[in-house]
1. In whole Å, what are the extents of chain A along the principal axes defined by its C-alpha atoms, from largest to smallest?
2. Based only on other Cβ atoms within 10 Å, what is the fewest-to-most ordering of B:THR414, B:THR102?
3. For chain B, what does the helix formula give at 222 nm: sum of -39500 (n - 2.57) over DSSP H segments with n ≥ 4, over the residue count, nearest 500 deg cm²/dmol?
4. Quote the FRET efficiency, to the nearest 0.05, computed for A:MET78 versus A:LYS123 with a Förster distance R0 of 25 Å and r equal to the Cβ-Cβ distance.
5. Report, in listed order, any pair from B:LYS43/B:LYS410; B:LYS193/B:LYS341; B:LYS309/B:LYS412 with a Cα-Cα distance greater than 27 Å.
6. Per-residue ellipticity at 222 nm for chain A, helices alone: DSSP H runs ≥ 4 residues times -39500 (n - 2.57), over residue total, nearest 500 deg cm²/dmol?
7. If you count, for every residue in B:257-268, the Cβ atoms of partner chains within 10 Å of its Cβ, what is the mean?
8. Over all residues in B:66-75, what is the mean tally of Cβ atoms on other chains that come within 10 Å of each residue's Cβ?
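Read the figures in this text as sums done on the coordinates, not as results from a lab. Keep in mind that this is a model prediction, so the values were computed, not measured. Counting neighbours? That spans all protein chains shown, and the Cβs are built from the backbone with ideal geometry, glycine included.
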Amino acid sequence: MEDMYRQMILDHARNQRNWGLIESADFDHEEHNPLCGDRLHLTLKVDDGIITEVGWDGDGCAISQASASMFGEQLIGMSLDDAMKLDKQVVLDNIGLDLTINRVKCATLSLKTLIVGTLGARKWEDIEDAE
Amino acid sequence: MTKQTKTLPFDVEKIRQDFPILHQEHHEGVPLIFLDNAASSQKPTQVIDAISNYYHNYHANVHRGIHKLSEQATEAYEGARKKMRDFINAPNHRQVIFTRGTTESINLVAFTWGRKFLNEGDVVLSTQMEHHSNIVPWQILADEKGIKVEYIPVLEDGTLDMVAYQQMLETHPVKLVTVVHSSNVLGTVNPVKEMATLAHEHGALILVDGAQSVPHMPVDVQDLDCDFLAFSSHKMAGPTGIGILYGKRDILEAMPPYQGGGDMISKVTLDGSTWNDLPYKFEAGTPSIAEAIGLGVAVDYLSNIGMDKVHEYEQMITAYALERLDEVSGVTVYGPDASRKGAVAAFTLDNAHAHDVAQVLDSHGIAVRAGHHCAMPLHDILCVTATARASFYIYNTFDEVDKLAEALEKVKDTFIL
């Protein structure tokens, strides 16, 4: 089971889906993981409240890159309102590995970028702190 | 009350077994009686072992590492923060900032919140019974910013003049009230909850110096509704070099960082930087990891006894100490009666100087503090240059109080004709 996840992570980390920023995007925000310097820049096209296009770039470890790639695929077709209600378990489930305290921040950076960019840093802290 | 009339809230002898330092001869054939707890308390084996275990088995830097030791250290360090959150009933662990101690916690507020939000003519309202650590930072800020520092007077019974407090709030542009919860000299427990309500009614924030209260009684930041609470580990069975600043979240978020460096940033470029989230914004550099872990264990230890029981016992031993000291002719104890007092008895003995009193007590194995206890303005008001101070903690016994009273009679033989 873990091997399957590992393969999927490596696949997404090497071939990031939706790579590259959207020009004149409806959502545009960049966040950092201060622990290790990972960077994630996320842009979205939103039509009638539905996310129709995702574009991102960034730097980081395989976990953060794969997580962003999988998260981006998930977002397409989802309403922005629903996306803003996601909790961190969604992105942790994508990775599927039992992550330690310092690595959780790598896996959640893409969700953090969406949440901080829409609802603010306090909302993200609440999501991050949820046990 | 006398020492036989009430059952004790916990087994003091059992507590004493946990504190190895207490079981030594202070001088040959003279056991140690440690009554300098307001300066710094002793540490139980559990705390000493936790620090030793950390260095023996899982020391590494926190927050950055991917390796197992760093993960373990991070879990323990952040776990200690959550224990501190629960201990003072903070709403969120992000509001618990590790500092070097009470002094640094107060300085942090002065030099971040104070620098940003205080302007010329604003008043910081302190009291005449403060420790220097809650006077001097504000005086430095006054020189820098042109703010004024005013002081709530102390009444003859050792309590704060609450009428003057209300008047000062009404007549001065007070932006911050900064007050000691329990005086390190008088022992006075100030009505900080009531003071917080009054401060807020007048648009001021309130900082509570909990250095002498958090170790000795239940303190609930949400119940007090204080904006800041500062306290130290080493007075509450934890290690030196670490303490806590609690703050309300909106206020902490609006404050600029204290020191710049690692761990406190989100992103750094040569043109500028952005700050990390709470609490890391205020924790630049590698923190005191072992000390935080040790403090967490100290808080476990105190919580196991129960802070209400700690307080109950200290009220009993303080009442007994005041009774015994009162029987020694020539002794003057400063501060209110035992019901309104922390576990502190600062006293003078006729015309014997406090240093001489402390020296003779030391020869009887009794450790007390002598001097102005970092509260020179208060001693000016009391019209004494120095006092001797006996202060108690969970491991002190009624017999030790008896020995203190007996030794003071010997001091009189030496110094007073």
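1. Computed over the Cα atoms, the extents are 39, 31, 25 Å.
2. Values: B:THR414 12, B:THR102 27.
Taking fewest neighbouring Cβ atoms as first place, the list is B:THR414, B:THR102.
3. Numbers: 14 runs with 156 residues, N = 417.
After summing the helix terms and dividing by the residues of chain B, the value is -11500 deg cm²/dmol.
4. Values: r = 18 Å, r/R0 = 0.71.
Here the calculated transfer efficiency is 0.90.
5. Numbers: B:LYS43/B:LYS410 30 Å; B:LYS193/B:LYS341 16 Å; B:LYS309/B:LYS412 35 Å.
Listed pairs above 27 Å: B:LYS43/B:LYS410; B:LYS309/B:LYS412.
6. On the way: 7 runs with 66 residues, N = 131.
Value at 222 nm, helices only, nearest 500: -14500 deg cm²/dmol.
7. Values: counts 0, 0, 0, 0, 0, 1, 2, 1, 2, 5, 7, 3.
Partner Cβ neighbours, averaged per residue: 2.
8. Values: counts 7, 2, 1, 0, 3, 5, 2, 0, 4, 3.
That works out to 3 on average.
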